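Comments concern the structure below.
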Amino acid sequence: MIWKPNVTVAAIVERGGKFLLVEEETADGVMFNQPAGHLEKGETLLQAVQRETWEETAHRFEPAALLGVYHWQHPKKDITYLRFAFIGAVSGHDPAQPLDNGILRAVWMTPDEIRATADRHRSPQVLTCIEHHLAGRRFPLSALTHL
C-alpha cells in the first residue's frame with residue numbers, strides 16, 4: 001500500500017503588526033488557523049494558496065516568498081500534512097463574498113494574541129509559521145518548480 005501525505009498550503013499575511021487568521025468550526029471545536037487548505041488536482045501551489053485565501057477571507061492574496069515546508073503528523077489521527085506556507089500581502093477585500101463553509105470570520109491578531117490562543121490553534125503549524133515569519137525566514141518563490 002502506498003502512503004501519501006495531505007498536501008496543504010497556507011497564507012502568512014502581516015499588516016500593521018497583525019496577522020490574518022481565520023476562526024473556523026472543526027471537529028475539535030472552534031479553532032484558529034491561517035487561511036489554508038488542500039492542494040486541488042490541476043492547480044499549482046501558488047494558485048492553491050491564492051484560491052484558499054480568497055475562499056476563506058474574501059481577500060486577494062499575492063504570494064511574495066515561501067516561508068517554509070512543514071511536515072506534521074496529527075497526534076490523534078492517521079493523517080500527515082505537508083504544508084507549504086507562503087508570505088504575501090492581501091488586497092481587494094470583498095465583504096459581500098461569502099466565506100467557505102465552516103469559516104466563522106477572518107480576524108487580524110497580534111503575535112501576542114496568537115500566542116495566547118495556542119490552545120485553540122488548528123495545529124502547531126499556526127504558531128510555528130508566525131514565529132518563523134517574525135524571525136525573518138523566507139525563501140524565494142523560485143525555489144518552487146512546477147512542471
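Could we say that residue 92 is of a type outside the set (A, V, I, L, M, F, W, C) and modelled with pLDDT of 95 or more here?
On the way: of a type outside the set (A, V, I, L, M, F, W, C): yes; modelled with pLDDT of 95 or more: no.
No: the conditions fail for residue 92.
Every test in (1) assigned to a loop (DSSP other than H, G, I, E, B); (2) farther than 18 Å from residue 62 by Cα; (3) in contact (Cβ under 8 Å) with a residue 60 or more places away in the chain is passed by residue 146 save one, and that test is (2). Is it the case that some residue within segment 82-90 is closer than 17 Å to residue 31 by Cβ and free of Cβ contacts under 8 Å to residues at least 40 places away in the same chain? Checked segment 82-90: no residue is closer than 17 Å to residue 31 by Cβ and free of Cβ contacts under 8 Å to residues at least 40 places away in the same chain. Would it be correct to say that residue 83 is closer than 17 Å to residue 8 by Cβ, of a type in the set (Lys, Arg) and surrounded by 15 or more Cβ atoms within 10 Å (Cβ to Cβ)? So residue 83 fits the description; yes. Can you find a residue that is at pLDDT 95 or above, hydroxyl-bearing (Ser, Thr, Tyr) and on the phi < 0 side of the Ramachandran plot anywhere in segment 18-31? No, because not a single residue in segment 18-31 is at pLDDT 95 or above, hydroxyl-bearing (Ser, Thr, Tyr) and on the phi < 0 side of the Ramachandran plot. How about segment 62-76: which of its residues are within 19 Å of residue 108 (Cβ to Cβ) and out of contact with any Leu (no Cβ under 9 Å at 6 or more places or on another chain)? Selection gives 62, 67.
The set of residues in segment 103-117 being exposed (fewer than 12 other Cβ atoms within 10 Å of the Cβ) and of a type in the set (Gly, Ala, Ser) consists of 116 alone.
Going by what's in this entry, would residue 131 be described as over 25 Å from residue 5 (Cβ atoms), out of contact with any strand residue (DSSP E or B) (no Cβ under 6 Å at 6 or more places or on another chain) and surrounded by fewer than 16 Cβ atoms within 10 Å (Cβ to Cβ)? Taking the combined requirement at face value, the residue does not satisfy it.
Yes/no per residue for (1) under 15 Å from the mean Cα position of the chain (by Cα); (2) assigned to a loop (DSSP other than H, G, I, E, B):
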{"position": "78", "(1), (2)": "no, yes"}
{"position": "82", "(1), (2)": "yes, no"}
{"position": "98", "(1), (2)": "no, yes"}
{"position": "104", "(1), (2)": "no, no"}
{"position": "114", "(1), (2)": "yes, no"}
{"position": "119", "(1), (2)": "no, no"}
{"position": "137", "(1), (2)": "no, yes"}
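Residue 96 satisfies every condition listed in (1) hydrophobic (A, V, I, L, M, F, W, C); (2) more than 17 Å from residue 24 (Cβ to Cβ); (3) touching a residue at least 60 places away in the same chain (Cβ under 8 Å) except (3).
The values are calculated or read from the model by the stated rules, or taken from the named source; none is laboratory data. The shown structure was predicted, so the numbers you read here are calculated from the model rather than taken from an experiment. Because the Cβ atoms are built from the backbone with ideal geometry, glycine has one as well, and the counts that use them run over all protein chains shown.
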